[in-house]
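Report on one structure; see the data block that follows.
The values are calculated or read from the model by the stated rules, or taken from the named source; none is laboratory data. Since this is a predicted model, take the numbers as computed values, not measurements. Here the Cβ positions follow ideal geometry from the backbone for every residue, glycine too, while neighbour counts run over all protein chains shown.
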Amino acid sequence: MGYGLPREERPRKERLNAIAKQLVNFLLWQDSAKNISKATIKVVACPDPEALLSRLLEIWPKDALPDHISVSELSLEAFVNHQAVYLSPDAPRALDPVEPPPRVMIVGMLIDRRVQPNRSRLRAEKMELSLARWPTLEGWDPQEPFNVDCILEGMQQWHWNHKEGSGGFLEAAQQALRHHRERHPQRVQHIPTHSIVDQ
């Protein structure tokens, strides 16, 4: 479940382009995977759903978007229940990498690379939702935010790994970060020293 689009009556075109590209990155990877069990993605609190859907369709290579993604202008509160976990780099606790990942997650959308400290934490506390960040890894700043496509891929693969008994969070994170580096080779990398993606 994605949340965090700017509360603008008509979001700027570059903002819509940024989030559309990240969602399509994830959907393309998800579509190429052999696993037929795919996570449902809901983009909520979107001030202009038609504009975002239109942009998604422009860059999606098929005639129609997958059935498991939707966009709504309704607020986050209209969708969540108290089983949901709000994923945030500001969370005081990390998800347990040896446990199964949460079934329902809320992922904030970092679309312009500007971090707003504690925004997601305060939002989760106001809604009385559980708050957590990605599991801590050596050489990783636990408070560093990641792109939406990277987080979604990591969480989807973690679900698949746990279900199939073929690994866990570490393997999912390695893959997601490797794909992130391939998509954005010019961008500053998330792990400057001991890199899990090269192991």
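State which residue pairs qualify: first residue closer than 19 Å to Gly154 by Cβ and inside the stretch 32-47, second residue surrounded by 12 or more Cβ atoms within 10 Å (Cβ to Cβ) and among the aromatic types (Phe, Trp, Tyr) in any location, beta carbons under 9 Å apart, and separation of 6 or more residues or different chains.
From residues that are closer than 19 Å to Gly154 by Cβ, the pairs are Ala33/Trp160; Asn35/Trp160; Ser37/Trp160; Ile41/Phe26; Lys42/Phe79; Val43/Tyr3.
Need at least 2 residues that are modelled with pLDDT under 85, closer than 21 Å to Ala18 by Cβ and touching a strand residue (DSSP E or B) at 6+ places or on another chain (Cβ under 9 Å) per element, so show me which helices (runs of 4 or more DSSP H) inside the stretch 84-196 make the cut, counting only ones lying wholly within it.
Working: elements: 119-126, 148-164, 169-183.
Filter on the stretch 84-196 gives 119-126.
Across the stretch 77-97, what is the total count of residues that are touching a helix residue (DSSP H, G or I) at 6+ places or on another chain (Cβ under 8 Å) and of a type in the set (A, V, I, L, M)?
Summing the residues that are touching a helix residue (DSSP H, G or I) at 6+ places or on another chain (Cβ under 8 Å) and of a type in the set (A, V, I, L, M) in the stretch 77-97 gives 3.
Of all residues being within 24 Å of Ala84 (Cβ to Cβ) and surrounded by fewer than 18 Cβ atoms within 10 Å (Cβ to Cβ) in the stretch 1-24, which is modelled with the lowest pLDDT? Just the residue, please.
Ranking the candidates gives Pro6 first.
State all residues of the stretch 51-79 that are more than 18 Å from Lys21 (Cα to Cα) and surrounded by 19 or more Cβ atoms within 10 Å (Cβ to Cβ); if no residue qualifies, say none.
Once the filter is applied, which keeps residues that are more than 18 Å from Lys21 (Cα to Cα) and surrounded by 19 or more Cβ atoms within 10 Å (Cβ to Cβ), the stretch 51-79 yields only Leu76.
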